[in-house]
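Everything below concerns the one structure shown next.
Values quoted throughout were computed directly from the atomic coordinates according to the rules given, and no laboratory measurement underlies them. Small disclaimer: the values here were computed from a predicted structure and weren't measured. Here the Cβ is made from the backbone with ideal geometry for all residues, glycine too, and neighbour counts use every protein chain on show.
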Ligand code: F0G
């Protein structure tokens with residue numbers, strides 16, 4: 001079979017919102033040239049995030065109807081708990097309203113001043129929760145993972161020798177936990193190999209350091225392992241996932257990704273004592289442990305979604321649709337992170353628009369060009385999101401200037417993807433004509449969400 005088809009048919013549809021180029025020009029100006037400030041009704045293809053944007057299945061919607069809204073002991077909780085236990089093998093399953101709520105609880109318990117947390121790469125909210133507790137967060141990505149154009153199978157892998165050195169320097173007693181982010185969102189949606197997870201888990205165990213998984217995209221990572229890791233090709237994704245979780249002491253999960261729901265998350269672990277404390281914190285911040293910041297119906301949808309995400313026909317289509325996009329763009333030399341990730345394609349704006357220096361925001365220029373030309377919304381991950389100032393007020397650029405095009409799960413079809421590629425190619429053909437931006441207003445923290453930009 002040469003064509004990998006969408007493994008679903010569509011029963012319920014939503015209209016797309018078309019605008020003309022001149023309307024988009026006006027909309028973007030009104031939104032101060034910041035795509036976060038554009039109403040989604042003015043976006044044709046929205047690739048801002050793959051988080052909370054999945055299309056739910058008929059069975060998930062049916063689950064929403066049978067969801068039981070009892071405050072305590074809802075059967076929907078038990079269905080959810082049993083499903084997560086079956087997939088992960090963890091004892092304690094604590095529902096939260098999304099991933100960062102699980103992180104907040106975890107790092108309130110384990111964080112604090114003088115402590116060091118390590119990872120292949122922490123996602124922003126995870127880092128934020130660690131730093132908020134007073135602790136420090138350190139990334140140990142392999143050199144391979146840091147080279148955007150290098151093609152390799154597992155560019156999300158953790159650099160084990162570097163971590164060993166760090167443990168020797170800081171002392172294992174000051175390192176409560178290692179978090180493996182699968183797939184590595186901040187590094188391009190790249191997977192981590194099973195071998196790397198085994199070795200990292202063994203190193204952590206040797207030093208008494210807890211090993212946790214940031215499991216947002218665990219199914220996509222497990223399918224990459226099946227496709228790319230020697231000896232794994234004949235195992236089911238469910239088996240691989242189960243082995244990943246068996247290496248760990250617990251996990252945090254944003255169900256808004258691989259549980260195919262619009263809201264939800266959980267914290268899971270084996271330690272009885274810590275789980276008790278986590279539930280106590282949950283009660284203060286999220287709700288009673290059998291609903292944790294969610295409705296019973298959300299727990300049903302999560303349970304069903306977690307079963308569906310392990311369907312290998314789905315995962316084959318999922319990873320292929322992003323790879324397909326990458327192949328089309330690569331043929332013409334569009335610069336991007338290679339290979340394409342599990343949930344997104346990351347355009348390399350620095351190489352795409354080399355005439356725009358980092359302090360004039362090439363990522364913003366590229367993201368805005370995609371919107372103006374074709375109504376597509378991506379997100380800049382570069383100087384606007386991560387840029388800092390030195391003591392003299394001069395801008396310090398991050399290592400990469402990227403535009404992430406995240407693909408919502410089960411939402412867009414191949415012709416939508418073809419259209420996105422066409423627009424990228426149009427923008428690429430005219431790349432010399434685009435100009436940068438300067439900041440008119442910026443907030444002291446997380447400025448990319450609300451910044452007002454002026455075209456140069
Ligand atoms: N960990 C990873 C790897 C993530 O990608 C995210 C969210 C979270 C944790 C936090 O989960 O949003 O449910 O609180 N990533 C989204 C994104 C926001 O667009 O990549 P959350």
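Worth a mention:
- Cα gyration tensor category, rounded, prolate or oblate, for segment 338-453 with a/c compared to 1.5: prolate
- For the chain, the C-alpha radius of gyration sits at 0.96 times the compact-globule guess of 2.2 N^0.38 Å, with N the residue count.
- Placing R0 at 51 angstrom, the Cβ-Cβ distance between residue 198 and residue 373 gives a FRET efficiency of 0.65 after rounding to 0.05.
- For the listed peptides 201-208, 402-409, 74-81, 16-23, a ranking on the average number of other beta carbons within 10 Å per residue, highest first, reads 402-409, 74-81, 201-208, 16-23.
- The Cα-based radius of gyration of segment 286-358, divided by its Kirkwood radius, gives an Rg/Rh of 1.24.
- Highest mean packing comes first when the peptides 365-377, 83-95, 256-268 are listed by Cβ atoms within 10 Å, giving 256-268, 365-377, 83-95.
- Grouping the Cα pair distances of segment 84-167 into 10 Å bins from zero gives a pair-distance distribution of 17, 33, 36, 14, 0 percent in increasing distance order.
- Listed peptides 118-131, 49-62 appear in the order 118-131, 49-62 once ranked by packing, highest mean of other Cβ atoms within 10 Å at the front.
- Model label points for residue 284 and residue 86, set 7 angstrom from Cα along the Cα-to-Cβ axis, are 3.6 nm apart.
- Acute angle (nearest 10 degrees) that the helix 21-30 long axis makes with the longest principal axis of the chain, alpha-carbon atoms: 60 degrees
- Stokes-Einstein D (µm²/s) once Rh is taken as the Kirkwood radius of segment 110-210 over alpha-carbon pairs, at 4 °C in 1.567 mPa s: 95 µm²/s
- In this calculation the C-beta distance from residue 246 to residue 271 is compared with R0 = 22 Å, giving a FRET efficiency of 0.90.
- At R0 = 51 Å, FRET efficiency that the Cβ-Cβ distance of residue 388 and residue 78 yields, to 0.05: 0.60
- Over the C-alpha atoms of segment 1-156, the Rg to Rh ratio, Rh being the Kirkwood estimate, stands at 1.04.
- Label-reachable residues, segment 191-235, where backbone N falls under 19 Å from a point 7 Å from residue 173's Cα toward its Cβ: 204-210
- Debye intensity ratio I(q)/I(0), log10, segment 187-258, q values 0.13, 0.19, 0.23 Å⁻¹ (C-alpha model): -0.36, -0.77, -1.08
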